[in-house]
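Working notes for the structure below.
The values are calculated or read from the model by the stated rules, or taken from the named source; none is laboratory data. Predicted model, so just to flag it, every value in this text is computed and none were measured. Don't worry about glycine lacking a Cβ; one is built from the backbone with ideal geometry, like all the others, and counts go over all protein chains shown. With ligands, DNA and RNA removed, areas are computed over all heavy atoms of the protein, side chains included. Shrake-Rupley method; radii C 1.70, N 1.55, O 1.52, S 1.80 Å.
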Amino acid sequence: MMTMRQITDYVAAEPFRPFRIRMASGQFFEIRHPEMILAGRTTARVYAPSEPDSEKPDYWHDVSLMLMETLEPVDASALASQRIS
């Protein structure tokens, strides 16, 4: 189980480094900016932008800290290649 402290340590890092949250379900969220996540004691609200050509709106996910398996840094080159494709 993740703690609010673990998440806020990633969010408050100077300089900020993008990171990925892996959930127990296999789903993951990439946090590319500190304003994409709001951490609480038992849940986090994670911003998920829609695809660039999609008609779907951007939205927020409420996720349980108990269901988060890992927090891991996202390689900057991986982010760049995702933006290009």
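Pairs meeting the criteria (first residue in segment 1-16 and among the aliphatic types (A, V, I, L, M), second residue open to solvent by 70 Å² or more (accessible area, probe 1.4 Å), beta carbons under 6 Å, at least 6 apart or on different chains) are MET1/MET66; MET4/ARG41. Check off (1) open to solvent by 100 Å² or more (accessible area, probe 1.4 Å); (2) at pLDDT 95 or above; (3) charged (D, E, K, R) for ARG22 and give me the number that stays unchecked. The failed condition is (1).
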